[in-house]
Amino acid sequence: MGQLQQPLRILVAEDELIIGYDLCDTVAEAGYVVEGPFDDLSSAMLAYQKNKPDIAILDVQLGDGIVYPLAEQMMAEDVKVIFHSGQLTPDEVHERFPGARALMKPCPPAEVIHSVQEAALTH
């Protein structure tokens with residue numbers, strides 16, 4: 001018998017709580033373990049340090065600032081990052097973070113799950 005794989009842990013940081021809870025529900029229904037939603041950088045940072053996720057879905061602009069420093073730290077520690085933004089286009093994100101995925105808001109749940117599954121495959 002092979003060992004059962006732990007479900008991947010996904011951190012969600014999103015300052016619009018309705019969208020945040022939607023994202024969390026979507027990801028949880030797909031069988032992942034969800035942390036969040038965190039609506040500001042400091043709470044997302046704290047959660048990240050306490051319990052490192054496998055994948056993070058990050059809104060670019062959180063309640064108390066831009067998420068880039070946290071994203072950079074995550075990527076340096078091999079966490080897959082998916083940006084979720086209403087302001088930035090995926091092209092702009094790729095310019096700054098070639099390794100990251102980007103979703104435009106509003107994003108259909110199927111597309112969110114697809115991105116998470118892609119990130120999981122490369123994990």
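The values are calculated or read from the model by the stated rules, or taken from the named source; none is laboratory data. Computed from a predicted structure; not experimentally measured. The protein model used for the area step is the full one, side chains on, heavy atoms only, and it has no ligands, DNA or RNA in it. Shrake-Rupley method; radii C 1.70, N 1.55, O 1.52, S 1.80 Å.
Below, the figures for the structure above:
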| item | result |
| --- | --- |
| Computed [θ] at 222 nm, deg cm²/dmol, the chain (DSSP H ≥ 4; -39,500 (n - 2.57); rounded to nearest 500) | -12500 deg cm²/dmol |
| Rounded accessible area per residue of the chain, 1.4 Å, Å² | 55 |
| Gyration tensor (alpha-carbon) shape descriptor, the stretch 56-123, a/c threshold 1.5 | oblate |
| Accessible area of residue 9 in the full protein assembly, 1.4 Å probe (Å², nearest 10) | 60 |
| Spatially proximal lysines relative to residue 105 (Cα-Cα < 23 Å; intrachain offsets below 8 disregarded) | 80 |
| Using alpha-carbon coordinates, inclination of helix 41-50 to the longest axis of the chain, degrees | 20 |
| Of 88, 11, 103, the one that fluctuates the most in a GNM where the chain has Cα springs shorter than 10 Å | 88 |
| Shape category assigned to the stretch 1-58 from the gyration tensor of Cα positions, a/c cut at 1.5 | oblate |
| Residue 122 - accessible surface, heavy atoms, 1.4 Å probe, Å² rounded to 10 | 80 |
| Antiparallel %, DSSP beta bridges [both residues in the stretch 5-123], to 5 | 10 |
| Most to least accessible of 27, 34 (protein chains only, probe 1.4 Å) | 34, 27 |
| Helix axis angle, 17-29 relative to the chain longest principal axis, alpha carbon, degrees | 20 |
| Degrees between helix 109-121 axis and first principal axis of the chain (Cα, 0 to 90, nearest 10) | 60 |
| Reachable aspartates and glutamates from residue 50, criterion Cα separation under 15 angstrom, eight or more residues apart if same chain | 35, 77 |
